[in-house]
Amino acid sequence: MRLVLTTTAVLLLAAAPAFADERSECLAGIGRLRSAAAARPVPANKDALLGTLRRAEREAGERQFDDCVEILKAGAGGGGKNGADDDDAGEGAETEDMFGFTQGTSILEKGKFEISGVGEGAFGKRLGRYRTGGLGGSFAFAPVDGLSIEIGAAGNSVSIRDVPGLDNRNGGGFAGFSTELKWQAIKRGAGSPVGLTFIVEPGVSFRDADAGGRGRGLGVEGRIALDAELIPRRLFGGLNLIYELEKFRPRGLDLFNGKAEPLEGVSSGPCQPYAEDDALETCVASARRMSAERSSQLGLSGALAFQINPNVFIGGEVRYLRSYAGLGLNSFEGHAVFVGPTLYAKLSENVSISAAYSTQIAGKSEATPGRRLDFDNFARHQAKLKISYEF
C-alpha cells in the first residue's frame, strides 16, 4: 500500500505544472471565443466560432485540457469545422480502464507513452484462510496508429492455511514477465457507435498465482473487447470475450519405486523393499521432473459505467468464468459468476485511477457438485486497483 500511495503522489507532482498551464490556456481561450461569438455586429464566421467553442468546452468539461488547447489553435488558424461539426466527432471518453476487470477498446495514441501500476487480490475459500495478491508495473507505447505494446513485470504473495487441496504457504516473490498487444480494429466515434479491439497477453511465470508454489509456466490470454457510448457523455457499456490458457510445471521431482508406482510422503528412514504382491515398495528407484499442469479458462464479462461528473465514472460489472483442465478446454472443472462495483477517475490530465471489486454469487465445481459456489477453481472475492500516467 505504501508503494501505491508513493507512486500516486509522484505522478501527481509530475503532472501538476503542465496540467495547470494547459488548463489556464484552455479556459482563457474559451473566454475569448465566447466574447467573439457574442460581439456586435454579428461576426461573419459566428457558426465556425460556435463550433470551435462547443468542442473546446466539451474537452474542458472532461479535463482534456491539452486537446482543448489544440482545438483552440486549430480554430484560430481556420481549421475549425463549420456548423456541421458536432460533439460526437471524436472517440469521447477513454474506456481502456473504465470498466474494472472488463477492458475497454481505447488504446494509446501514436507517439504516446504510459506507465502504470496495478494491484490485484483474491480472498476466501470455503474453509481455512486463503489470501493471494499481486503487484505489478508496466510500460506501454504506441508505435503506430491503432496498435499499442505493453511490457510488464509482477510479484505476488500468498497466505494459505488449512484450505483443502492446497499446501499451507505464507510468503511471496518475483512472479514473472508479460507482454500485452492491443490492436484497435474499429475506433468508436462518428464513423462507428461501437469500438472493437483485439488483445493478446503472453507471459512467463515463476510462481503459481493461485497456490503460491514455485515453478515455471507459460501462458497467454486473449480478449475480444467491444464498447459503446449508450447515452452520449453519460452511460458507457463494455463487453469482453476471454480465452486464457496456461501450462505450469511445479518445482520438484516425482518419485517412483521399482514397480514404477508413484511415491508420496516417503519417509527419511529405511525404505521398505518389495516383499509380497500386496506390499508397497517404498524404496526410490527413479525420479523425474514433476508433471506440468495444463489449464484453460473461458469467460464473458460485461460492464456499465455512468459519468457522474466530467472526471468520475461509477458502474457495475458481471463476469461468467468457466474453468477447464487441458489447454484446449478439454475437461470441464467448474464455473462461477462474479458481480461487483467499479470506479474510474481522471485525477489530472495525465493521471487516472481505476478500481473494481467482485464477489462470487453463483457457481458449481465438478469436484464437489453438491455444494453451492465453486471454491475449488475460484476465490470468493477478487479486487483490482490500477494507477496510470500517460505522457
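Just so you know, all these numbers are worked out from the coordinates, no wet-lab data involved. No experiment lies behind these values; they were computed from the predicted model shown. For neighbour counting, all protein chains shown are included, and Cβ atoms are generated from backbone atoms with ideal geometry for every residue, glycine included.
Data table
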quantity: Cα centroid separation, region 284-317 to region 32-57 (Å); calculated: 49
quantity: Distance between region 173-221 and region 118-138 - C-alpha centres, whole angstrom; calculated: 18
quantity: Cα-based radius of gyration of region 143-246 once divided by 2.2 N^0.38 Å, which approximates compact folds; calculated: 1.44
quantity: Protection proxy ranking of 104-114, 362-372 - average other beta-carbon atoms within 10 Å, highest first; calculated: 104-114, 362-372
quantity: Highest-first arrangement of 186-193, 309-316, where packing means the average Cβ count within 10 Å; calculated: 309-316, 186-193
